[in-house]
Amino acid sequence: MTMMQSAWFISLFLSILICFQTLEASPRSTNSFPLVRNISKIPQGSYGIKGLSHATLAGSVLHGMKEVEVWLETFAPGARTPIHRHACEEVFVVLKGSGTLLLASESDENKEFPGKPKEYSVFSNSTYHIPFDDVHQVWNSNEHEDMQVLVVISRPPMKPFIYEDWSTPHAAARLMSPMVFDVQSPPKPKDEL
């Protein structure tokens, strides 16, 4: 048996093993939501951000997630998040399109307000992360196509502080908690037993 055939066989064996374990598992998660969901049927909304389509694929409020939360967001040309920071890490995977990440790092000299952010170009098949408490903004600066991103945050639910502009002092940033995503999530189903 060649090395390639051995790798294929091991891969097949592990796939079958996982399949059998999945068949034995309950088709529903512990909080009555299906383990497998169709993304196109997950509720989406703009949540007050012009040009944004947001869907929580796995979340703390809706699905009981404790360590991570996963979002799918689509930004129309020109759409952007508010300038904000939060006490959790955030990872983005750009699925399609391109745009700009504006980031004012906490490691910069000015500690009283964000100051002039650094600009980073982001593009399809790129990934970037936002460090804990760094002020940032995601912007679809591409005038011709949507930018779609998969977002993973740690320690949900996120509690962002919103800034009017890059010169707003940290002490004047407004806490937005609970998040509009959390408030507008459908209620959990009642246990009828």
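The values are calculated or read from the model by the stated rules, or taken from the named source; none is laboratory data. Everything numeric here is computed off the predicted structure, so don't read it as measured data. Cβ: placed from backbone, ideal geometry, glycine included. Neighbour counts: every protein chain shown. Surface areas here come from the heavy atoms of the whole protein model, side chains and all, with no ligands, DNA or RNA. Shrake-Rupley method; radii C 1.70, N 1.55, O 1.52, S 1.80 Å.
What to note about this one:
- Residue in segment 112-124 that is open to solvent by 30 Å² or more (accessible area, probe 1.4 Å), touching a residue at least 12 places away in the same chain (Cβ under 8 Å) and under 23 Å from T56 (Cα atoms) present: yes
- Count of residues meeting criterion [of a type in the set (S, T, Y), part of a strand (DSSP E or B) and more than 13 Å from N140 (Cα to Cα)] in segment 44-76: 1
- Within segment 77-102, the set of residues being in a strand (DSSP E or B), more than 23 Å from F161 (Cα to Cα) and over 14 Å from the mean Cα position of the chain (by Cα) comprises K96, S98.
- Scanning segment 131-158 for residues that are more than 14 Å from L102 (Cα to Cα) and crowded, with 16+ Cβ neighbours inside 10 Å yields N142, D146, M147, Q148, V149, V151, V152, I153, R155, P156, P157, M158.
- Residue check, R174 in contact with a Phe, Trp or Tyr (Cβ under 8 Å, 6 or more places away or on another chain), among the basic types (K, R) and closer than 26 Å to K66 by Cα: yes
- Subset tally (residues that are in a loop (DSSP other than H, G, I, E, B) and closer than 14 Å to E89 by Cβ) for segment 119-156: 6
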